[in-house]
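Colleague: There's a structure below that I have some questions on.
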Amino acid sequence: MSAVSHARESAGQPVPLRHDWSRAEIEALFALPLTELLFRAAGVHRQHFDPAEVQISTLLSVKTGGCPEDCSYCPQAQRYHTGVEATKLMETEAVLEKARQAKAAGASRFCMGAAWRSPKDRDIPKVAAMIREVKALGMETCATLGMLSGPQARALKEAGLDYYNHNIDTDPEFYDAIIHTREIQDRFDTLEHVRDAGLKTCCGGIVGMGETGRQRAGLLRTLANLPVHPDSVPINRLVQVEGTPLHGTEAIDPFDFVRTIAVARILMPCSMVRLSAGRQDMSDELQAMCFLAGANSIFYGEQLLTTGNPDTERDMALFQRLGLKPMQVHVDAEGHDHPGTVHADIIELPQHPQSCAA
Ligand code: SF4
């Protein structure tokens, strides 16, 4: 049972999830006084989750940089001069070693990301081998590899993949301003292949890329109106990396970011709303407001495995100050996760969190 379905059932009755939001309705939510919007979002949060629990999520980059796409926010695009060195796909044994460390550190899920437009068919057996081996460690598996065909999605599912991350980036109306090497329909197609293969989805977007309020509403509308709400919704705040076209973009007002979290919580009440890229630059107070607005998942921006890691220590200190606790692991005999799963994977790409893996 997924976290989403369990949350629905644990609420005692089926939750009427909407998939027919209009842009005007969502803009009206954004226009509420912040105090009212936070109150409503916090109420929705409490109906479906323990508001004191936060899921922890990180990621291992198994293949970094050299991507042929032109996502304007991404330092892994080979056409931008960002100093990111392209690497080859990691060997399975090296990935496994990280997975073992992750498990020893308490992680129940291991997420693997590769900077590809889409994997080549010849890459699939290599990634499938990683998934199989990680799964054999008794961990849940998650991947983000770019666009997938139907057969590729099915092959990954057969290898034991549980989750697939594929963000829609931004509002369809704004897509052309950010990416020119694919269309948003390509993203929808991959999400469909992923759902059809029986994989759970992790899908969100990025704000602070110069989009208007209307377009921010459009991003959330597109996510909420997907045929199935994503299990996890990463909301990324643009990290401006020198050399990328979006470097120098006017930063999003922090309160508009909080509003985005709150509206995402209201529209997708049973999903994990994840504070992802850009969190490292947020003040403790801003993060606290995001938790109040319904964020219940965070993306670690540093290696979880490094003991004494200052970012990890800062997070734990913040949790303590706010009285929050990491969600606990509860995986049933069939390997299904339930709310409370510690989604603690590994990240090795802290300076490039805006890739499609975020
Ligand atoms: S976001 Fe993903 S697809 Fe886009 S350039 Fe970066 S690695 Fe490539």
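Just so it is clear, none of the values below were taken in a lab; they were calculated from the coordinates. Note that the structure is a prediction, hence the values are computed from the model and not measured. Using ideal geometry, Cβ is built from the backbone for each residue, glycine included, and neighbour counts are taken over all protein chains shown.
Colleague: Between ASP20 and PHE188, what is 0.36 nm times their sequence separation minus the Cα-Cα distance? Round to one decimal in nm.
Modeller: 58.8 nm
Colleague: Please arrange VAL228, VAL127, VAL273 by counting, for each residue, the other beta carbons lying within 10 Å of its beta carbon, fewest first.
Modeller: Least crowded to most crowded, the residues run VAL228, VAL127, VAL273.
Colleague: Relative contact order, percent, of the range 176-249 when contacts are C-alpha pairs under 8 Å separated by at least 6 residues?
Modeller: 33
Colleague: Only loop residues by DSSP count here, and only those with at most 14 other Cβ atoms within 10 Å; note down the trypsin sites (Lys or Arg not before Pro) in the range 55-149 that meet that.
Modeller: Those that pass, being in a loop and sparsely packed, are ARG79, LYS88, LYS120.
Colleague: Quick check on the exposure proxy: order THR35, THR170, THR82, THR87 from fewest to most C-beta atoms within 10 angstrom.
Modeller: THR35, THR87, THR82, THR170
Colleague: For labels at ASP311 and ALA28 in the simple 7 Å Cα→Cβ model, what's the distance in nm?
Modeller: Inter-label distance under the simple model: 4.0 nm.
Colleague: A further question follows. Multiplying the sequence separation of ASP176 and ARG117 by 0.36 nm and subtracting their Cα-Cα distance, what value in nm do you get?
Modeller: So the extension gain works out to 19.6 nm.
Colleague: Using only alpha carbon pairs under 8 Å that are at least six residues apart, calculate the relative contact order of the range 128-266 and give it in whole percent.
Modeller: 22
Colleague: Roughly how many nanometres apart are two label points built 7 Å out from the Cα toward the Cβ at GLU53 and GLU285?
Modeller: Taking the simple label geometry, GLU53 and GLU285 are separated by 3.1 nm.
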